[in-house]
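The values are calculated or read from the model by the stated rules, or taken from the named source; none is laboratory data. Being a predicted model, the structure only gives us computed values, none of them experimental. Here Cβ is always computed from backbone atoms with ideal geometry, including for glycine, and neighbour counts include all displayed protein chains.
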Amino acid sequence: MMTTFDARPRAATGPVPPPWLAAVLLHGRAEGQEAVFRFHELSAFEPACVATSRRFVERTLKEWGGAPEICFDAQLVVSELVTNAMRHGGGALHLRLLAHAAELACVVSDYSRAAPVPAAPGVFAEFGRGLALVEGLTRAWGWLTPPGPNKLVWACMSLR
């Protein structure tokens, strides 16, 4: 017997998101807190949108009562995800912050369907350490390419 979940188009994914996050990203079933920042089309490539993203994270987590150290780590993660969206994903479309139980998810949508590829930078390389930083600061991260032209890159971290 096929369920509704089985009948939906399959999404390409990196590591599988936690079940609560998969339900939100694939089916729109949000539980807990959610905040969305939509990048304007003209600013999706501007370096200033990274700073704007960090301010959005700080403001949102303060409203939610988040600890300052979580805010700093979440700002670093979001900075890397938004920078990658600008540099490799055709621009950032939107940033979503989702809190569920004791977890925070940072999700950045971009205009590409290409999977993020962690680099192995040389000692003197200027770029290529972003996804390693994301991996070091989060419990898990990955990506989904649901039906449509965009990709979602997500990262989950503990709120405690």
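Summary of computed values
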quantity	calculated
Tabulated pairs, the stretch 64-83, first farther than 10 Å from Ser53 by Cβ, second polar (S, T, N, Q) and surrounded by fewer than 18 Cβ atoms within 10 Å (Cβ to Cβ), C-beta under 7 angstrom, 6+ apart or interchain	Trp64/Gln33
Within the stretch 18-72, tally of residues that are part of a strand (DSSP E or B) and over 25 Å from Thr145 (Cβ atoms)	1
Residue list for the stretch 12-46, restricted to those being modelled with pLDDT of 90 or more and touching a helix residue (DSSP H, G or I) at 6+ places or on another chain (Cβ under 6 Å)	Gln33, Ala35, Phe37
Among residues of the stretch 85-96, those that are over 17 Å from Val36 (Cα atoms) and surrounded by fewer than 19 Cβ atoms within 10 Å (Cβ to Cβ), counted	3
Any chance Thr60 is modelled with pLDDT of 90 or more, buried (at least 16 other Cβ atoms within 10 Å of the Cβ) and not small (Gly, Ala, Ser)	yes
